[in-house]
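This report refers to the structure that appears directly beneath it.
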Amino acid sequence: MGRLDRLGRRRPVGAGLSPAARSRRRHRPGRGRDPGRRPGQTLLRAVSVIVSALVSPLPSSAAPLSILHVVRQFLPNRGGLEDFVANLAREQARLGHRVRVLTLDRLFSAPEARLPARERLEGIDIERIPFFGSPRYPVAPSVFRHLGDADLVHVHAIDFFFDAFALARPLHRRPMVATTHGGFFHTGAHSRLKKLWFEGPTRMSVRGYEAIVACSESDARLFQGITPGGVPVIQNGVDLEKFAGAAAPEPRRALLTIGRFAHNKRLDRLLATLQALNADGAGWRLRIVGVPSDVTQAALTAEIDRRGLAGAVTLHTGLDAPAVRGLIGQSSVFVSASQYEGFGIALIEALSAGLVPVAHPNDAFAWLKQRHPSITLTDFADPHGAAAAIRDAYDRLERGAILRGAEDLSDYRWSSVAARYVSVYEAALAGSGQVVAATAA
């Protein structure tokens, strides 16, 4: 049997796979024996295979993989999704796998600038493709030209790529894994349409994947009802060294928030809370670090001015890690009014830095609170209540009642997370859903 390539010509099924993948195909149990081979030749070949297996540094099941990550936005853009894919790709490359990232050729925050079609950034090979349509569902038909020698495709988030790869599965025939990253329920906007899409196209698309991996318990509950094989949870990895111990050594009335300038982050509520904090002239400051998304920098600046907070709030966009570390060094409290998070990487980074987190009780933050008692949860819809929670957390820090850096964050190390994903990949290649659940749970 063969399959059709892009020009309609029939080619062998394994033609598009890497040498490692073709090796796995050749040695599948039950393959027919060459009828023209004499018994002596068969015996010699069997002995040769056994000897090769004994002296080989890696068995075929552990051979290096060619992995293609597919994500709508990537470096040089910064955000939770971009950082997740970058860290996972780097760690997998460190483990000896061949890793590429396929993404769109324009950033949603700067759509007029087209990025290079191929680039290597931070040790990661990046390929970029054009798209049209809305940033909410960017359409990129040329995606299938870039499969190359990929043994496996890892799709990140639920968007056009997720649906397209599932729809074209009978043609490209690559094993696929997807990570949910919160789905598309980050805000309540268009909720009825989103639910209809989730119960229709998304439910159909999940069937094209060997594994759907949730990055939080809330995501697992969401996708459990539409995923026949179950939804394992692999918590997001976090670079614990990037901001380790960077918080101001002495308590300061300085707040820091990190994330996209997006409606679901509810930066307006942070500004209202700062107004309540400074009603008595206490001199609190807020630093907002991130990149524009569906809230522009101009709109955010206008809102700051409207509230009379120009002297108390500073915006910082497009910063690299050392610059962000410098701002953390001037801060004591991490704040987030976000209504929805797929996981909450920034909050874990804040804990690693020694900042005291005060956050809105969305599902992701509520789950993290169960594991990390030093997190304070408060409803930022009530600015005066949120201000009181921040004052209380700061007072406890001043009294020494909060021991910074005492939280055990070892489960979030990328070495552990990457190893668990590779186990999922191997199970996907073997076609064993039970192994996926066992290795990733």
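Each residue, ARG120 and SER423, gets one label point 7 Å from its Cα in the Cβ direction; the gap between the two is 3.2 nm.
Using equal-weight Cα scatterers in the Debye expression, the normalised intensity of the range 254-409 in log10 at q = 0.08, 0.09 Å⁻¹ is -0.20, -0.25. Distance between the 7 Å Cα→Cβ label points at ASP395 and ALA310: 3.4 nm. When each of LYS195, LYS369 is scored by the number of other beta-carbon atoms lying within 10 Å, the sequence from fewest to most is LYS195, LYS369. Straight-line cross-link reach from LYS195 at under 29 Å between alpha-carbon atoms covers these lysines, not counting any fewer than eight positions away in the same chain: LYS265, LYS369. Based on Cα atoms of the range 354-435, Rg over Rh with Rh as the Kirkwood radius reads 1.19.
Residue ranges 150-156, 116-122, 140-146 sort as 150-156, 140-146, 116-122 when ordered by packing (mean number of other C-beta atoms within 10 Å per residue, highest first).
Throughout, read-outs are computed from the coordinates displayed, never taken from laboratory work. Computed from a predicted structure; not experimentally measured. In this analysis, Cβ positions are derived from the backbone assuming ideal geometry, glycine residues included, and neighbour counts consider all displayed protein chains.
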